[in-house]
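What follows is a single structure, written as structure tokens, with notes after it.
The values are calculated or read from the model by the stated rules, or taken from the named source; none is laboratory data. Just so you know, these numbers come straight off a predicted model, no measurement behind them. When we count neighbours, we look across all protein chains shown, and the Cβ atoms used for this are built from the backbone with ideal geometry, even at glycine. For the accessible areas, the whole protein counts, side chains as well, though only heavy atoms, and no ligand, DNA or RNA atoms are used. Shrake-Rupley method; radii C 1.70, N 1.55, O 1.52, S 1.80 Å.
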Amino acid sequence: VRDTGEDRSFRRSAAKTYTKPETTGIAKLESSGPVFDYLTKARGISPEGLHRYRQAQTNGAMGPECVFPVCSSDGRTVEMLKFLAIRRGSDGKKIIRASKDSRPHLFGWQDIPATARDVVITEGEIDAMTVANWGHPALSVPSGADNMEWIEHDFEALARFDRIFVCTDADDAGHKCAGKIAERLGRARCYRVIIPGFKDVNEALVSGRFVGPDF
């Protein structure tokens, strides 16, 4: 569904000091091992896709962790690191952390072609890599559905896209996130994408019952 209208009230917030992420202990993703196996076997991401998104790994308090480098909107500088433990918490939930006081950007700029005029925005790094596996340029919000701080840093870079497909989760938080993104980036070019029967695109991928969207 295509919305109309655009929020032209965008303004940058007051200057804030950010810190470059500490990279000690961060290693290039190995072609075997728990992180590689988790991403390729459990989550269905291709090795080539992991390479394009510069996937890394480390060992945290909970053991092996996926490391997602969040780059500046030109794709050149790592501004933030996101961590996902392979092991779940005792309650079964994912254990996620991020580098402290980092400048937030959409995850995935390093894989967006300069010629791209359409882009997909998801709610998770693995979801973005899933969409890229299907052949579509994809980015992910860096800090969940509620935090929109990234917009002020990526607003100008996103101006070149004619169509923005908002593929956040199919739950209340995801719907609200999609609405905020459309309001800030312009409803006339934002399209809400939901895959019936699935919470997110990676769930659709690993189910084996969905072969990818045709935008």
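Considering the conditions (1) out of contact with any helix residue (DSSP H, G or I) (no Cβ under 8 Å at 6 or more places or on another chain); (2) closer than 19 Å to Val201 by Cβ; (3) small (Gly, Ala, Ser), Ala114 is excluded by exactly one of them, (2). The set of residues in the stretch 45-100 being under 14 Å from Pro34 (Cα atoms), in a strand (DSSP E or B) and aliphatic (A, V, I, L, M) consists of Ala56, Val67, Leu84, Ala85. Regarding the stretch 83-90, can at least one residue be identified that is touching a residue at least 12 places away in the same chain (Cβ under 8 Å) and under 16 Å from Ser102 (Cα atoms)? The answer is yes; a qualifying residue exists. In the stretch 176-203, the residue that is farthest from Glu125 (Cα to Cα) out of those that are crowded, with 16+ Cβ neighbours inside 10 Å and without any contact (Cβ under 8 Å) to a residue 24 or more places away in the chain is Gly179. Looking across the stretch 153-175, the residues that are within 28 Å of Thr77 (Cα to Cα), open to solvent by 10 Å² or more (accessible area, probe 1.4 Å) and part of a helix (DSSP H, G or I) come down to His153, Phe155, Glu156, Ala157.
Among the conditions (1) open to solvent by 40 Å² or more (accessible area, probe 1.4 Å); (2) of a type in the set (A, V, I, L, M); (3) closer than 28 Å to Pro47 by Cα, Val119 misses just one, which is (1). Count of the stretch 47-90 residues, restricted to those that are charged (D, E, K, R), over 20 Å from Glu22 (Cα atoms) and more than 16 Å from the chain's Cα centre (by Cα), is 3.
The requirement of being open to solvent by 10 Å² or more (accessible area, probe 1.4 Å) and touching a residue at least 24 places away in the same chain (Cβ under 8 Å) is satisfied by Ala98. Of the residues in the stretch 180-190, at least one is part of a strand (DSSP E or B) and at pLDDT 95 or above.
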